[in-house]
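One structure follows; several queries about it will come next.
Only the coordinates and a few stated rules stand behind these numbers; no lab work does. Source: prediction; values computed, not measured. Ideal geometry is used to build each Cβ from the backbone, glycine not excepted, and the neighbour counts take in all protein chains shown.
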Amino acid sequence: MALSPQSVPENPFDFRAPPPSPVASARRSCVTNDEVLSEFLQHSLRVPDLILPDKVFPRQKFIDNPPKIDFQALNSMQTETLPKILDSIATIGCFQLVNYGIPVESIRSALTAAVGIFQLPPQKRTAVTRSPEKLYGFEEVHEEDEGEVSEEFVWCKAKALELAMEGIWPVGYSNFSEKMETLVAQMEKVAEKILIVFREIYQEKTGRCEKEKMEGEDGNGWACYVYKHGGNVSAEKWRSCLRYDVMKMLIGGMDYSHTLCLHICDGSSEFHVYSKKGWVSFCPHKHALVVTVGDQTQALSGGQLKHVMGRPIYRGEKEEFISMAFLYSPSTTNSRLVDPQKPNTISLSQQAIAAILFTLLYQILVYVYYKF
């Protein structure tokens, strides 16, 4: 029996596709949107042209010479001397010391003996090149650093350094080391007197614990940075190397923690002082020691005396010069000045190994206890 159209049941599921959208209008809209999107991307993804400044670091600032402090006046603790020292250190981080009682001949003989160190050929220097585990010896020289204006050698009383240097420079090193130890003994007296002044000022603020930290228990630590400054250097090369020195001092700093640094810089045309706040320079007094403050003294003073790094500059000289920077610290934390390869603390890996061994030993003891 045929069904009439009126009797056909309604299909509850309607699978018919929706009517197509207008093709022409959609194509025009897509083109318009693409143009807007392309224009937006061109503007938003455009990399700006970066113009780097000519000088990465703050400009060199010339200042008046820091005060010259008479060591004999310091020795007698004259009242007017202390404010000069503290103001100079708080301002630029250093002061000049004159009449300090070290014979000129002692300084001159050590400087003369140091010349031979930099006459060693590169192949021999390799055995005494500095590394993170070995903080003494020659500075590592890369290909791009060859021909620099200055060279650097770190001396200390490490037995390993003595053995290595006597292997490559047997006659000269013993003479140099003897001269250095004589000069260090004299420098030590000067540095100790300066530290006495700082202790007297900050002892009440820091208390007995910090005072003991400054005095130490295991004797004094010394390290000396010996620099050779080249002669007959062109102005362009000198400026390039100066930028390199600034970068190295500000980023790398010095490997040794210290309280004071005493600089011998006879004949230098300028002395540069580097800190996190800037870069200043002045003309040091002839035969004066430039004294800069280390990180330990900054901690002792609660930040009032700022830690800086100093470097003498020999500009336009025809001959080569030797300068020295003596880093002094009586703190026990600097036992590495005596032997830089001697570890001061137990590393995390050593602690982990010890923990594993103790755990295994405990398990064995528990097993033996319950077994027997």
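Averaging the inverse of every distinct alpha carbon separation and then flipping it gives the Kirkwood radius. What is it for the stretch 85-182, in angstrom units?
Here the Kirkwood hydrodynamic radius works out to 15.7 Å.
Multiplying the sequence separation of ALA355 and LYS277 by 0.36 nm and subtracting their Cα-Cα distance, what value in nm do you get?
Between ALA355 and LYS277, full extension yields an extra 23.6 nm.
Once the piece of chain linking THR126 and LEU37 is laid out straight, how much longer is it, given 0.36 nm per residue of separation minus the C-alpha distance between them?
Net length gain for the segment: 26.0 nm.
Next question, about the same structure. Figure the gain on full extension for LYS134 and TYR244 (residue separation times 0.36 nm, minus the Cα-Cα span) and round it to one decimal in nm.
Computed gain between LYS134 and TYR244 is 37.3 nm.
Here's another thing I want to ask about it. Calculate the spin-label point distance for GLU200 paired with THR91, positioning each point 7 Å from the Cα along the beta-carbon direction, and give it in nanometres.
It is 2.2 nm.
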